[in-house]
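Provided herewith is a single structure, encoded as structure tokens, for subsequent inquiry.
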Amino acid sequence: MYYPKILDYQDDIRSGYEGQGMGDGCFLCYTRFMNNREIAKLLREIAASYVILSEDRFRIIAYGRAADSIEKSTVEAEQLWKEGKLTSVPGIGGSLAAHLGELLKTGKVKHFEDIKSKIPEAVFPLLDIPGFGAKKAYRLVSELKLDNAKNAIKDLSAAAKSGKIASIEGFGNKSQQDILDALKRLKEGQVKENRMPLPYAGAIADDILSYLSKCEYTLQAEFLGSLRRRVATIGDIDIAVSTRNPKEVVDWFLAYPQKEKQVEKGTAGATILLKSGRQVDLRVQYPGRFGAMLQYFTGSKNHNIHLREVALKKRLSLSEYGMKALSKEAEMYKLTGASYSKKEKMFEFPDEKSLYRALDMQYIPPEMREDTGEIEAAGTNKLPDIIGLSDIKGELHIHSNYDLEPSHDLGISSLKEILTTAKSMNYEYVGISDHNPSVSKHTKEDVVHIMERRKHEFEHIMLSNKSIRVNLFIMMEIDILPDGKLALPEEAFNYIDAAVVSIHSGFTIGTGMMTKRVLSALSHPKAKILGHPTGRLLGKRPGYDLDWQQIFKFCFENNKAIEINSYPDRLDLPDSLVREAIKNRVKLVIDTDSHDKEHMSLMKYGVSVARRGWAKKDDILNTLPYNKVKDWLLKP
DNA sequence: GCCGTTTTCGGCCCGACTGTTTTCAGTCG
């Protein structure tokens, strides 16, 4: 199995990340900046309070849905509020928008405080414990008379250890032990987001998938869940197998060589823990019902909820097994590709295409299933034809091993190796974008000389490797300095065709300054691409903020492209911003930022980011043939 | 609470699992 190697980004980390949580000019603010995660938590506390108060269940659902939605939003609620666009978040209507406005303006909400005042404070910390909902938390707080929110977890733990919980009505020894286990996990931080970047999960899952395909009873094996939707970070790995012999497939799965231990085993599937500590769930299903299962476990949750609502309007109840007919009329439907089980009054779907067709929709690719308009679009035949891996004709951001004494890391593959790999991928061209020579270690003249030498050597290599027939752009990835200038002397630009410009230091200067800095760098006629535009490192660093509307406007008007960087820890531009960029008619390029020829195969992950951002082929410049890319890249 | 090619009022997704039950409530995905 091929695992992408992790490069040393220590430079980035040392110079950049100093934590976040405060907005610009926070010292002048009287109220603390409240981020989306904190707002979501507050909304969930209100939902929990309503549960305890036996408030209308649909109101409770509404608060929970709003919390999910706010947490997932890539734009901070504060920003949306300032722009008067809070109600653009699905699940936020007039009432919640007003409450959140009050929250962001004054730091509190009268209505929320009234509700929370009716609930013992100690309930809220307990909501973080796995397996705890509002009712259980409230019950225990009342029975055990926990009156101190700060010590609630500790007090609960003490009560469990002394055996007090088992004697409470409705609880027993098992639930007492479960609570102790859950508290242990909470303490160890296992509950907190422990997600890995998609390409790592993809590499693990590819190996399991190929192992499962070797089982003689496997008819079809697919990813499920966030992995199949190609979300940037993945928790558990979920896999589905279509088979007529479920038991044999489950046993085969349990014999996987990388298995550390078996967690669960049932007739419909099994769960194992890998030696790497990652959990893998397998689901098995008969071929006739495989489509419904695949659809159900691929999600997302919101997509499924919406889809079931559509089904209900046709008097069909959608579940992981198929669609149950709820009326005489529905029983008579003729659904192409589906079969009908009279006994269960259930339509069964061998594949997803027939399932979506049954609801009078276009097939929706997994990457788009987030309930952000795809269901409406598919119902009116307006789903965009999104880009595929085979549309890519080359890429423009690869690091070679040519030593021009850069301030960042060198690649390890030679130009010739890169060309050969590109050829094997059917690329028409590559752009070699090595890091610029270190500014501190050289004089201006040194740099110009190094650049001149590099150009000549590359041209020489091209001449002696004509038979490979892949075109070359001699490019450079240039640091954007804190003052917005580029870390390359003007004379040295004569020796490159074009540049990717990126930020590698000074990450915490605030949105306004950062935006100016980037726009200044992009103003250079040879600066054509903004590299890894948010600077995020998944799970390590959130990235800096830019005024995207300004950036998009500038890029559109000046023919600059924004990069989707496929490097495993980056996947940057993030999918939601890809969609925004496209709405603003900005062109994108998908690059791998390869430091090794092996990394070039990671292109598929950049493409999946583009697909999640609803990018069509003509939104992505490196789907163009060589001559057209050349026209754009070399035009001053 | 939200939301709208059946609606500005009257709807609002589906099923599995678990522990404690003796028919179900709570939690989860």
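Looking at (1) open to solvent by 30 Å² or more (accessible area, probe 1.4 Å); (2) touching a helix residue (DSSP H, G or I) at 6+ places or on another chain (Cβ under 8 Å); (3) within 16 Å of DNA strand B (Cβ to nearest atom), find the lone condition where A:Leu219 falls short.
Going through the list (1) open to solvent by 30 Å² or more (accessible area, probe 1.4 Å); (2) touching a helix residue (DSSP H, G or I) at 6+ places or on another chain (Cβ under 8 Å); (3) within 16 Å of DNA strand B (Cβ to nearest atom), A:Leu219 breaks only (3).
Kindly establish whether A:Gly84 is closer than 30 Å to A:Thr511 by Cα and away from DNA strand B (no atom under 13 Å from the Cβ).
yes
What is the residue count in the stretch A:547-575 for residues that are over 13 Å from A:Leu588 (Cα atoms), assigned to a loop (DSSP other than H, G, I, E, B) and open to solvent by 10 Å² or more (accessible area, probe 1.4 Å)?
1
Tell me which residues, restricted to the stretch A:321-337, are in a strand (DSSP E or B) and of a type in the set (Lys, Arg).
A:Lys324
For residues that are modelled with pLDDT of 90 or more and near DNA strand B (Cβ under 10 Å from one of its atoms), scanning just the stretch A:48-57, find the one that is nearest to A:Asp128 (Cα to Cα).
Only one residue tops the list, namely A:Ala48.
Report, by residue number, each residue of the stretch A:379-397 that is within 16 Å of DNA strand B (Cβ to nearest atom) and free of Cβ contacts under 8 Å to residues at least 60 places away in the same chain.
A:Thr380, A:Asn381, A:Lys382, A:Leu383
Looking at the stretch A:595-610 only, could you name the residues that are more than 12 Å from A:Ser566 (Cα to Cα) and open to solvent by 50 Å² or more (accessible area, probe 1.4 Å)?
Once the filter is applied, which keeps residues that are more than 12 Å from A:Ser566 (Cα to Cα) and open to solvent by 50 Å² or more (accessible area, probe 1.4 Å), the stretch A:595-610 yields A:Lys597, A:Glu598.
Keeping to the stretch A:492-537, report how many residues are outside any loop (DSSP other than H, G, I, E, B) and under 27 Å from A:Tyr200 (Cα atoms).
Of the residues in the stretch A:492-537, 6 are outside any loop (DSSP other than H, G, I, E, B) and under 27 Å from A:Tyr200 (Cα atoms).
I'd like the residue in the stretch A:281-300 that is among the hydroxyl-bearing types (Ser, Thr, Tyr) and assigned to a helix (DSSP H, G or I) and, out of all such residues, is most open to solvent (accessible area, probe 1.4 Å).
It comes out as A:Tyr296.
Just the residues that are outside any helix (DSSP H, G or I), open to solvent by 10 Å² or more (accessible area, probe 1.4 Å) and either within 19 Å of A:Arg369 (Cβ to Cβ) or away from DNA strand B (no atom under 13 Å from the Cβ) (or both), please, taken from the stretch A:301-320.
Correct list: A:Leu318, A:Ser319, A:Glu320.
If you scan the stretch A:132-161, which residues turn out to be within 16 Å of DNA strand B (Cβ to nearest atom), closer than 13 Å to A:Gln176 by Cα and polar (S, T, N, Q)?
Residues satisfying the conditions do not exist here.
When you look at A:Tyr340, is it of a type in the set (Ser, Thr, Tyr), over 24 Å from A:Gly379 (Cβ atoms) and either within 12 Å of DNA strand B (Cβ to nearest atom) or outside any helix (DSSP H, G or I) (or both), yes or no?
no
Scan the stretch A:490-518 and report the pairs whose first residue is within 17 Å of A:Asp547 (Cβ to Cβ) and assigned by TED's automatic domain parsing to the domain that holds A:Leu472 and whose second residue is assigned to a helix (DSSP H, G or I) and among the acidic types (Asp, Glu), with Cβ atoms within less than 9 Å and a gap of 6+ or a chain change.
As it stands, the answer is A:Phe507/A:Asp12, since those pairs meet every condition given.
If I filter the stretch A:245-271 down to residues being exposed (fewer than 12 other Cβ atoms within 10 Å of the Cβ) and under 17 Å from A:Ser213 (Cα atoms), which single residue comes out as farthest from DNA strand B (Cβ to nearest atom)?
Going through the qualifying residues, I end up with A:Pro257.
Moving on to the next point. Which is touching a Lys or Arg at 6+ places or on another chain (Cβ under 6 Å), under 26 Å from A:Glu320 (Cα atoms) and either of a type in the set (Ser, Thr, Tyr) or assigned by TED's automatic domain parsing to the domain that holds A:Ser300 (or both), of A:Thr218, A:Thr267, A:Thr233, A:Thr271?
Checking each option against the conditions leaves just A:Thr233.
Given the stretch A:114-192, what helices (runs of 4 or more DSSP H) lie entirely inside it while holding 2 or more residues that are within 16 Å of A:Ala47 (Cα to Cα) and in contact (Cβ under 8 Å) with a residue 60 or more places away in the chain?
A:123-126, A:134-143
Just a yes or no: is a residue in the stretch A:103-113 in contact with a Ser or Thr (Cβ under 9 Å, 6 or more places away or on another chain), open to solvent by less than 60 Å² (accessible area, probe 1.4 Å) and within 11 Å of DNA strand B (Cβ to nearest atom)?
Yes; the residues of the stretch A:103-113 include at least one that is in contact with a Ser or Thr (Cβ under 9 Å, 6 or more places away or on another chain), open to solvent by less than 60 Å² (accessible area, probe 1.4 Å) and within 11 Å of DNA strand B (Cβ to nearest atom).
Assess whether A:Ser167 counts as being more than 9 Å from DNA strand B (Cβ to nearest atom), in contact with a Leu (Cβ under 9 Å, 6 or more places away or on another chain) and more than 24 Å from A:Ser54 (Cβ to Cβ).
No; evaluated as a whole, the condition is false for this residue.
Now for a different question. Exactly one of (1) at positive phi; (2) within 15 Å of DNA strand B (Cβ to nearest atom) is unmet by A:Arg228. Its number?
(1)
Does any residue of the stretch A:68-80 turn out to be near DNA strand B (Cβ under 8 Å from one of its atoms) and open to solvent by 40 Å² or more (accessible area, probe 1.4 Å)?
no
Of the residues A:Ser167, A:Ser162, A:Ser175, which single one is polar (S, T, N, Q), assigned by TED's automatic domain parsing to the domain that holds A:Arg44 and surrounded by 13 or more Cβ atoms within 10 Å (Cβ to Cβ)?
Criteria check complete, one pass: A:Ser175.
Considering only the stretch A:44-62, I want to know if a residue exists there that is open to solvent by less than 20 Å² (accessible area, probe 1.4 Å), outside the structural domain of A:Pro574 (by TED's automatic domain parsing) and within 30 Å of A:Gln549 (Cα to Cα).
For the stretch A:44-62, residues open to solvent by less than 20 Å² (accessible area, probe 1.4 Å), outside the structural domain of A:Pro574 (by TED's automatic domain parsing) and within 30 Å of A:Gln549 (Cα to Cα): absent.
Look through the stretch A:272-300, keep the residues that are at pLDDT below 90 and among the small types (Gly, Ala, Ser), and return whichever of them is farthest from DNA strand B (Cβ to nearest atom).
It comes out as A:Ser276.
Examine the stretch A:417-425 for a residue that is without any contact (Cβ under 8 Å) to a residue 40 or more places away in the chain, closer than 30 Å to A:Asn302 by Cα and open to solvent by 20 Å² or more (accessible area, probe 1.4 Å), and state whether such a residue exists.
No; the residues of the stretch A:417-425 include none that is without any contact (Cβ under 8 Å) to a residue 40 or more places away in the chain, closer than 30 Å to A:Asn302 by Cα and open to solvent by 20 Å² or more (accessible area, probe 1.4 Å).
Give the number of residues within the stretch A:114-124 that are open to solvent by less than 70 Å² (accessible area, probe 1.4 Å) and more than 14 Å from DNA strand B (Cβ to nearest atom).
Of the residues in that region, 2 qualify.
Right, another one. Return a yes/no flag: does the stretch A:346-368 have any residue that is closer than 30 Å to A:His599 by Cβ, within 16 Å of DNA strand B (Cβ to nearest atom) and open to solvent by less than 40 Å² (accessible area, probe 1.4 Å).
yes
The values are calculated or read from the model by the stated rules, or taken from the named source; none is laboratory data. Please read these numbers as outputs of a predicted model, since none were measured by experiment. Here Cβ is always computed from backbone atoms with ideal geometry, including for glycine, and neighbour counts include all displayed protein chains. Just the protein is used for accessible areas: all its heavy atoms, side chains included, with ligands, DNA and RNA removed. Shrake-Rupley method; radii C 1.70, N 1.55, O 1.52, S 1.80 Å.
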